[in-house]
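The values are calculated or read from the model by the stated rules, or taken from the named source; none is laboratory data. In this text the structure is predicted, and so the values were computed from the model without any measurement. Neighbour counts are summed over all protein chains in view; Cβ atoms, including those assigned to glycine, are modelled from backbone coordinates with ideal geometry.
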Amino acid sequence: MPALKPTDYTATVTWLGVVTNDDRAELLADPRERLDLTFEGVAGSVHGGATRASCTRVKSQYPKGTDIRNERQLSIISEEELAEIAALIGVDAIDPARLGASMVLRGLPDFSFVPPSSRLQAPSGATLTVDMQNRPCQFPAKSIEAVAPGKGRGFKPAAAGRRGVTASVAREGSVVIGDVLRLHIPDQRAWQPEG
């Protein structure tokens, strides 16, 4: 019996980008028409590599700077949730480049809460493994503030539960704007520790 089951849920790729500069003062992804995904992530990305230094997100598990597997090769956000964040902070739209996004998807409801270990599979066969929900941080807030003074400070509270997910490459291949990705989820019940 397969451990991952395909769902009827799909999402259309509406934007792609790569963060090539590690300047956190102005987080920006370079827009792309296509991403060639390898087991190292996206070529040229500051978030690429099979491993990464641990950060505050995993400080309960590892001292900061410990070399760990890189499950944060890509940052994937929902077009719908991005629009919600924009409305909450009072801007017409937010450029996904300012969030350091790798990919924007349209059509998956409640996207930031897809189960960890889910897969998103492209027509090329390229497959991404969802690690977990991405938490809002101050770097996108600073980048938004640079183009919308007074609005960036509202990003973190507005993005809570709407920041998308991080992912790593499970199967190499390409993804292009307009691709329709299918969601595959773990075939297991929700965790019930008091069950």
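Residue by residue, here is whether (1) of a type outside the set (A, V, I, L, M); (2) in contact with a His (Cβ under 6 Å, 6 or more places away or on another chain); (3) surrounded by 20 or more Cβ atoms within 10 Å (Cβ to Cβ) holds:
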residue	(1), (2), (3)
PRO96	yes, no, yes
SER102	yes, no, yes
LEU105	no, no, yes
ASP110	yes, no, no
PRO116	yes, no, no
MET132	no, no, no
GLY150	yes, no, no
ARG153	yes, no, no
ARG163	yes, no, yes
Worksheet item: Is there a residue being touching a Ser or Thr at 6+ places or on another chain (Cβ under 9 Å), in contact (Cβ under 8 Å) with a residue 60 or more places away in the chain and not in a helix (DSSP H, G or I) anywhere in the stretch 82-99?
Response: no
Fill in: Residue among ASP8, ASP36 that is free of Cβ contacts under 8 Å to residues at least 12 places away in the same chain, touching a strand residue (DSSP E or B) at 6+ places or on another chain (Cβ under 9 Å), more than 19 Å from ASP131 (Cα to Cα) and acidic (Asp, Glu)
ASP8
Worksheet item: Conditions: (1) touching a residue at least 24 places away in the same chain (Cβ under 8 Å); (2) farther than 19 Å from ALA146 by Cβ; (3) of a type outside the set (Asp, Glu); (4) surrounded by fewer than 17 Cβ atoms within 10 Å (Cβ to Cβ). SER60 meets all but one. Number of the miss?
Response: (1)
Worksheet item: Which of the residues belonging to the stretch 81-94 are within 28 Å of ASP36 (Cβ to Cβ) and surrounded by 18 or more Cβ atoms within 10 Å (Cβ to Cβ)?
Response: GLU81, LEU82, ILE94
Worksheet item: LEU128: within 18 Å of SER45 (Cα to Cα) and at pLDDT 95 or above, yes or no?
Response: yes
Worksheet item: Here are SER54, SER60: which of them is over 15 Å from ALA160 (Cα atoms), modelled with pLDDT under 95, hydroxyl-bearing (Ser, Thr, Tyr) and in contact with a Phe, Trp or Tyr (Cβ under 8 Å, 6 or more places away or on another chain)?
Response: SER54
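Conditions (1) part of a strand (DSSP E or B); (2) within 17 Å of TRP15 (Cβ to Cβ); (3) within 14 Å of the chain's Cα centre (by Cα), marked per residue:
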| site | (1), (2), (3) |
| --- | --- |
| SER124 | no, no, no |
| LEU128 | yes, yes, yes |
| ASP131 | yes, no, yes |
| ARG135 | no, no, yes |
| PRO140 | no, yes, yes |
| GLY154 | no, no, no |
| PRO157 | no, no, no |
| VAL169 | yes, no, yes |
| LEU183 | yes, no, no |
